1. Full extension from Glu73 to Lys52: what is 0.36 nm times the residue separation minus their Cα-Cα distance, to one decimal in nm?
2. How high is the FRET efficiency from Ala10 to Ala94, r the C-beta distance, R0 41 Å, rounded to 0.05?
3. For every helix of n ≥ 4 consecutive DSSP H residues, a contribution of -39,500 (n - 2.57) applies; sum these over the chain, divide by its total residues, and give [θ] at 222 nm rounded to the nearest 500 deg cm²/dmol.
4. Provide the per-residue ³J(HN,Hα) series for segment 43-54, in order, calculated from phi with Karplus coefficients 6.51, -1.76, 1.60 and θ = phi - 60°, each as a whole number of Hz, with x at glycine and proline positions.
5. Below 8 Å, C-alpha to C-alpha, sequence gap of six or more: please give me the relative contact order for the chain in percent.
6. In degrees from 0 to 90, rounded to the nearest 10, what is the angle of the helix 3-35 Cα long axis to the longest principal axis of the chain?
7. Using the Karplus curve 6.51 cos²θ - 1.76 cosθ + 1.60 with θ = phi - 60°, work out ³J(HN,Hα) for each residue of segment 72-82 in order, rounded to whole Hz, and write x for Gly and Pro.
8. Pulled fully out, how much extra length does the chain show between Ser80 and Ala40, if you take 0.36 nm times their separation in residues and subtract their Cα-Cα distance?
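The numbers here are math on the coordinates, done by the rules we state, and not lab data. What you see is a predicted model; the values in this text were computed from it and never measured. We place every Cβ from the backbone using ideal geometry, glycine too, and count neighbours over all the protein chains shown.
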Amino acid sequence: MSTETHTKNALHDAIEAHVTSAQAKLDTLKARAESIKASAELVRAIGDLMVKKRVLDTMVADMKKAVGAKADEARANIESRVAELEKSIQAIEAKLAA
């Protein structure tokens, strides 16, 4: 395997790790929200984030098939969306902690 392939695989693995971590956090948030009977608005927000996470799963799968500039563009887009998702998760965590 070439160095480029190893680098590409490492980037994919790192992105997948972030997406998996986001899923774990969402699962925890959902369970916490249900246990404290959080507001419908908060439960809906968690559900919306879970949908966004599933979209990310599809994007990651598509990124693995992409090559060249399309792969770079897909990676940048996914990284941006993961960052937004993590920020939204943190905001909900703060609301649940309050």
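1. Numbers: separation 21, 0.36 × 21 = 7.56 nm, distance 1.85 nm.
Full-extension gain reported as 5.7 nm.
2. Details: r = 32 Å, r/R0 = 0.78.
Given R0 = 41 Å and the Cβ-Cβ separation, E is 0.80.
3. Details: 3 runs with 89 residues, N = 98.
Result for the chain, helices only: -33000 deg cm²/dmol.
4. In residue order, the calculated couplings are 5, 5, 4, 5, x, 4, 5, 5, 5, 4, 5, 5 Hz.
5. Values: 53 pairs, mean separation 36.4, N = 98.
Relative contact order for the chain comes out at 37 percent.
6. Taking the Cα atoms of the chain, the angle to 3-35 is about 10 degrees.
7. After applying 6.51 cos²θ - 1.76 cosθ + 1.60, I find 5, 5, 5, 4, 4, 5, 5, 4, 5, 5, 5 Hz.
8. Values: separation 40, 0.36 × 40 = 14.40 nm, distance 2.77 nm.
Contour length minus Cα-Cα distance gives 11.6 nm.
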